[in-house]
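Structure first, then comments.
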């Protein structure tokens, strides 16, 4: 089941939409050929993948306005993009020397 925070919505929900969500939350999941229930092994793999991703560290860095604005143009997930970009850059010895 996917979850989203209310703060992630672009527009506030109407009363009708809120009511629909509340009713949907009360329903039991329905599994079929298109969306079968996950097996215990699949669930274990899913949890393991999630915990492996937690090897990343949260840090605060200062970016120039220009760099920040450019990164944001890549849309949602731009922080993951910046992380991958730093991973690639830090492994390029010539680039590291140039920036130090």
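Only the coordinates and a few stated rules stand behind these numbers; no lab work does. Please read these numbers as outputs of a predicted model, since none were measured by experiment. As a convention, Cβ positions derive from the backbone with ideal geometry for all residues, glycine included, and neighbour counts pool all protein chains shown.
For labels at residue 87 and residue 23 in the simple 7 Å Cα→Cβ model, what's the distance in nm?
4.4
If R₀ is 35 angstrom, what is the calculated FRET efficiency for the pair residue 41 and residue 79, using the beta carbon separation as r and rounding to 0.05?
0.65
Evaluate Rg over Rh across the range 60-100, taking Cα atoms for both radii and Kirkwood's formula for Rh.
Using Cα coordinates only, the ratio equals 1.01.
With each pseudo-label sitting 7 Å past Cα toward Cβ, what's the residue 72-residue 13 distance in nm, one decimal?
2.7
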